[in-house]
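Below is one structure, written out as structure tokens; comments come after it.
The values are calculated or read from the model by the stated rules, or taken from the named source; none is laboratory data. If you're wondering where the values come from, they're calculated on a predicted model, not measured in any experiment. Glycine also receives a Cβ, built like all others from the backbone with ideal geometry; neighbour counts cover every protein chain displayed.
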Amino acid sequence: MPDIAKVAVNDATIHFDKLYSYTVSPELAGSVWPGSLVLVPFGRSNKPRMAVVIETGTQPEADPRLKPLLAAAPEEARLTPDLMELVRFLKDRTFCTWYEAVKAVIPYGAQYCPGTENGHPVVKNRLARPVETVYTLVAPLPEKPRPGAKQRQAAQLLQDGPRTRSELEELGISRATLEGLCKKGVLRSEERYKSLDLFAAIPFDPQPVQLSAEQQSAYDTLERQLVADGPQAALLFGVTGSGKTAVFLKLIEKTLLLGRRALVLVPEISLTPQMIRRLKAMFGSRLAVQHSALNNTERLLQWRMIQQGNADIVVGTRSAIFAPLQNIGLIILDEEQEHTYQSESAPRYSAHEVAKKRAGMENALLLFASATPRTETYQAAQSGRIQLVTLTQRYGGRPLPRVDFVDMRAELASGNSREISARLVRELAANLHNGEQSILLLNRRGYRTVGMCGICGHVLKCPNCSVPLVYHKAQQMLLCHHCGHRVSPVPTVCPECGGKLVYSGFGTQKVEEELRELLPQARVLRMDQDSTGQKHAHETMLAQFARGEYDILLGTQMVAKGLDFEKVTLVGVLGIDSLLFGQGFRSYENVFSLVTQVVGRCGRAELPGRALIQTAVVEHPVLKLAAAQDYPAFFAQEIAFRRFSLYPPFCSFCVAGFTGPSEPDVYAAALRFSRLLAERFAKHPDQPLRVLGPTPMNIAMLGGKYRYKLTLKCRNDATFRALVRSALEAYAEEKLPAKAGIALDFNSDGDL
Ligand code: ADP
Ligand code: ZN
């Protein structure tokens, strides 16, 4: 009975993402299982292609039409049954292909690609497993011929034990010197697999965590859930500075005591070095990390460490939800409202959904935490679907910051045309005088954000994207923040009519310049995408600020979240109004969260904090609630709006995006897909669905491609997904993807 394997291939479109059968030769029979990565001859040309085995079995009789598998990756590359279940889940929920899901659940370095060896097709590691050379002293250094100074130094350094080549090179010993000593028989060299302790510098220094009374009672509730049978879920809703992290640490400790493991997700690793520091200090070397700031090698080594069972705690960003950790007892999503938990390319999953799935598979406690939860999450907690645990006070009984508004219309009327109000300058000066630090938030980078002709009103836009070009003074150029298109020198006259161009709107560079003029003695640190391009730039800058090397930290949203600096007593919020009038249905929620979070950065230790919000709409209800840091009141208003206008959690919201080079084709394709949906749903009158559009997306052109969308308000259940899948297949069958690519996104708040 010949063995066969059913596989799904890499680079499939949804149309041919089916299972294909191959025979398994006797040589490969021992290494092909569901979850194995294999190489198959594919298509008419039999070109080798990577694939994943979905099923294996035997056939009563050989089928001569079936081709044999070409090769299989080693056992360690095989996806575990858990990961395969997540692959199925992603395929079902996000409409991605099998192999897209495979690539999402294992890191790049653990993937394989087609290669050849002696003319035969083989699978190749994406990354060669990194090795390093280690030198050991094996004989005394002979005095004849007289050794050189470097040789002596090398022998000296190796007296205390072996060292790697890179360590020795850093100490000034060249490779040539080392090889010379090997030839003399003084040193022995060996190749060894690299191991990696990413946080060797952080000392293991476990301190007992002493919870406050309020933290303790939150912990007690959560502990009951942690030890309970079956999957559990909770929201830890705690005001900024209430000490949610202390509760996490205790829960992780308990999880480990129970013999189980913990997975901690954070929105952005570079902004939460404090979390890693605390976990590492408390739990030591059985901590692994998974995030995109690691290079591929680092990431693979950490992944293998988890896979081999050598990590009890994994901390990481979105994709860490796929960490091959076994026996998970606790999954934490810190700052659960952050949009970074949603993937913006295929598979377009949300870490919330996957976490829910995994907690279910593992009977784990899933804990969401935030001072400003998503409306959906808080509603689930209020309605009792998940446990609500609240921390109402800051740790140590410290007050929340006092928040005032500065009316920027009045400011302009009184003759101040700067972006920084007179009041904010006074407060900054006072902080400077008292040796205290300040944080300023402005969520736009660059110098001027729009260039417009004063005569004809023409706006300078990117030729590839329908967005204005931003003037970057430091680099003396105009820059498209979407595709990176550059224009320099910076034009001064209108390309349409020759009129004079006026640059307006302001970004972080402009405010930095004003600060230098207004407060020349202040040490200003600007933190935005332009200033943090280099590796570790975030950590370095935050460490400098923590050490008091700067007085003012000015930046985009990267300064708003998670930071905990005791000397910060003033927060200024600039240019927030444009976000209030953003287009997605989450824009109020986002503004409320951003303002509350950044205000929460001050007054976290001994010194009380205060915040100033500069706005032209001082009466805006969302700003007022954010200033009061009154989440429950905001929620009451938001949930009413969501119910009235039919938005999540009262329906599922799905955007179908269509993109392509020809606008009429893209529009026609979107229209056609909406018909394909309508035909199918007409036969299921009980299945609720509202389709809006096609309409152009908010950014109607991006990177030279036109963009249209359909907005679907629906009930995302199995029937819905089956009907959509059938429509997608019909869309592919009509060869429409060649004219307009299609993507479905359940996490969008209006656009892709
Ligand atoms: P949150 O994440 O809720 O905004 P943090 O966890 O950053 O708050 O805690 C705020 C501050 O209070 C931190 O400086 C933290 O070290 C301190 N803190 C909170 N709880 C405790 C505790 N139980 N013992 C000692 N310090 C604590
Ligand atoms: Zn562009």
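Looking at the structure I just gave you, is Lys709 surrounded by 15 or more Cβ atoms within 10 Å (Cβ to Cβ) and either more than 30 Å from Lys461 (Cβ to Cβ) or in contact with a helix residue (DSSP H, G or I) (Cβ under 8 Å, 6 or more places away or on another chain) (or both)? Don't jump to the end; show me each part of the working.
Numbers: surrounded by 15 or more Cβ atoms within 10 Å (Cβ to Cβ): yes; either more than 30 Å from Lys461 (Cβ to Cβ) or in contact with a helix residue (DSSP H, G or I) (Cβ under 8 Å, 6 or more places away or on another chain) (or both): yes.
For Lys709, the condition - surrounded by 15 or more Cβ atoms within 10 Å (Cβ to Cβ) and either more than 30 Å from Lys461 (Cβ to Cβ) or in contact with a helix residue (DSSP H, G or I) (Cβ under 8 Å, 6 or more places away or on another chain) (or both) - is met.
Which fully enclosed strands (runs of 3 or more DSSP E) of region 182-275 have 2 or more residues being on the phi < 0 side of the Ramachandran plot and in contact with a Phe, Trp or Tyr (Cβ under 6 Å, 6 or more places away or on another chain)? Full working, then the answer.
Details: elements: 187-193, 232-238, 261-265.
Of the strands (runs of 3 or more DSSP E) lying wholly inside region 182-275, those with at least 2 residues that are on the phi < 0 side of the Ramachandran plot and in contact with a Phe, Trp or Tyr (Cβ under 6 Å, 6 or more places away or on another chain) span 187-193.
What about Ala346, is it within 16 Å of the chain's Cα centre (by Cα), away from ligand 1 (no atom under 16 Å from the Cβ) and in a loop (DSSP other than H, G, I, E, B)?
On the way: within 16 Å of the chain's Cα centre (by Cα): yes; away from ligand 1 (no atom under 16 Å from the Cβ): yes; in a loop (DSSP other than H, G, I, E, B): yes.
Here the answer is yes, as Ala346 does meet what is asked.
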Selection count, region 611-638, where residues are of a type in the set (A, V, I, L, M) and buried (at least 18 other Cβ atoms within 10 Å of the Cβ): 8
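Does Leu86 satisfy the criteria of being under 31 Å from the mean Cα position of the chain (by Cα), among the aliphatic types (A, V, I, L, M) and not in a strand (DSSP E or B)?
Values: under 31 Å from the mean Cα position of the chain (by Cα): yes; among the aliphatic types (A, V, I, L, M): yes; not in a strand (DSSP E or B): yes.
Against the criterion (under 31 Å from the mean Cα position of the chain (by Cα), among the aliphatic types (A, V, I, L, M) and not in a strand (DSSP E or B)), Leu86 qualifies.
Only residues that are of a type in the set (Ser, Thr, Tyr) and more than 15 Å from ligand 2 (Cβ to nearest atom): list them for region 418-477, please.
Looking only at region 418-477, we keep the residues that are of a type in the set (Ser, Thr, Tyr), and these are 421, 438, 447, 449, 466, 471.
Those that are of a type in the set (Ser, Thr, Tyr) and more than 15 Å from ligand 2 (Cβ to nearest atom): Ser421, Ser438, Tyr447.
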Inter-residue pairs, beta-carbon under 6 Å, first surrounded by fewer than 19 Cβ atoms within 10 Å (Cβ to Cβ) and among the aliphatic types (A, V, I, L, M) and in region 539-561, second at pLDDT 90 or above and not in a loop (DSSP other than H, G, I, E, B), 6+ apart: none
Residue, surrounded by the most Cβ atoms within 10 Å (Cβ to Cβ), within region 1-25, restricted to residues that are in contact with a strand residue (DSSP E or B) (Cβ under 8 Å, 6 or more places away or on another chain) and part of a loop (DSSP other than H, G, I, E, B): Asn10
Residue in region 542-549 that is away from ligand 2 (no atom under 16 Å from the Cβ), within 23 Å of the chain's Cα centre (by Cα), of a type outside the set (Asp, Glu) and under 30 Å from Ser438 (Cβ atoms) present: yes
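Of the residues Leu574, Leu563, only one is more than 30 Å from Arg643 (Cβ to Cβ) and under 21 Å from the mean Cα position of the chain (by Cα); which?
Result: Leu563 is the single residue among Leu574, Leu563 that is more than 30 Å from Arg643 (Cβ to Cβ) and under 21 Å from the mean Cα position of the chain (by Cα).
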Among the residues listed as His458, His472, the single one being crowded, with 17+ Cβ neighbours inside 10 Å and either in contact (Cβ under 8 Å) with a residue 24 or more places away in the chain or out of contact with any His (no Cβ under 8 Å at 6 or more places or on another chain) (or both): His472
Within region 357-457, helices (runs of 4 or more DSSP H) holding 3 or more residues that are of a type in the set (A, V, I, L, M): 408-413, 422-434
Pairs with Cβ under 7 Å, 6+ apart, first in region 682-704 and under 15 Å from His482 (Cα atoms), second charged (D, E, K, R) and modelled with pLDDT under 95: Met697/Asp751; Asn698/Asp751
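Taking the criterion of being among the acidic types (Asp, Glu) and not in a helix (DSSP H, G or I), would at least one residue in region 50-62 satisfy it?
Yes.
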Selection status of Lys461, over 25 Å from Val559 (Cβ atoms), away from ligand 1 (no atom under 16 Å from the Cβ) and at pLDDT 95 or above: yes
Scope region 251-281; condition out of contact with any Asp or Glu (no Cβ under 8 Å at 6 or more places or on another chain) and either more than 15 Å from Leu367 (Cβ to Cβ) or hydrophobic (A, V, I, L, M, F, W, C) (or both); matching residues: Ile252, Leu257, Leu258, Gly259, Leu263, Ile269, Leu271, Ile276, Arg277, Arg278, Leu279, Lys280
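Select from region 577-593 the residues that are in a loop (DSSP other than H, G, I, E, B) and either within 16 Å of ligand 2 (Cβ to nearest atom) or of a type in the set (A, V, I, L, M, F, W, C) (or both) and write down the one among them that is farthest from the chain's Cα centre (by Cα). Steps first, please.
Applying the first criterion (in a loop (DSSP other than H, G, I, E, B)) to region 577-593 yields 581-586.
Now drop any that are not either within 16 Å of ligand 2 (Cβ to nearest atom) or of a type in the set (A, V, I, L, M, F, W, C) (or both), which leaves 581, 585.
Details: Phe581: 25, Phe585: 21 Å.
Ranking the candidates gives Phe581 first.
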Selection status of Ala611, within 16 Å of ligand 1 (Cβ to nearest atom), touching a helix residue (DSSP H, G or I) at 6+ places or on another chain (Cβ under 6 Å), within 22 Å of Ile420 (Cβ to Cβ) and touching a residue at least 12 places away in the same chain (Cβ under 8 Å): yes
The lone exception for Arg286 - which of (1) within 14 Å of ligand 1 (Cβ to nearest atom); (2) among the charged types (D, E, K, R); (3) closer than 18 Å to Ala200 by Cβ it fails: (1)
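Quick grid of which residues meet (1) in a helix (DSSP H, G or I); (2) touching a strand residue (DSSP E or B) at 6+ places or on another chain (Cβ under 9 Å):
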position	(1), (2)
Val622	yes, no
Phe634	yes, no
Ala640	yes, no
Tyr647	no, yes
Thr659	no, yes
Ala670	yes, yes
Arg675	yes, no
Arg690	no, yes
Pro694	no, yes
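Considering Glu167, Glu143, which residue is among the charged types (D, E, K, R), modelled with pLDDT under 90 and either more than 36 Å from the chain's Cα centre (by Cα) or not in a helix (DSSP H, G or I) (or both)? Walk me through how you get there before you give the answer.
Values: Glu167 fails: either more than 36 Å from the chain's Cα centre (by Cα) or not in a helix (DSSP H, G or I) (or both).
Sole residue among the options that is among the charged types (D, E, K, R), modelled with pLDDT under 90 and either more than 36 Å from the chain's Cα centre (by Cα) or not in a helix (DSSP H, G or I) (or both): Glu143.
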Test result for Gly230, within 16 Å of ligand 1 (Cβ to nearest atom) and within 29 Å of Gln342 (Cα to Cα): no
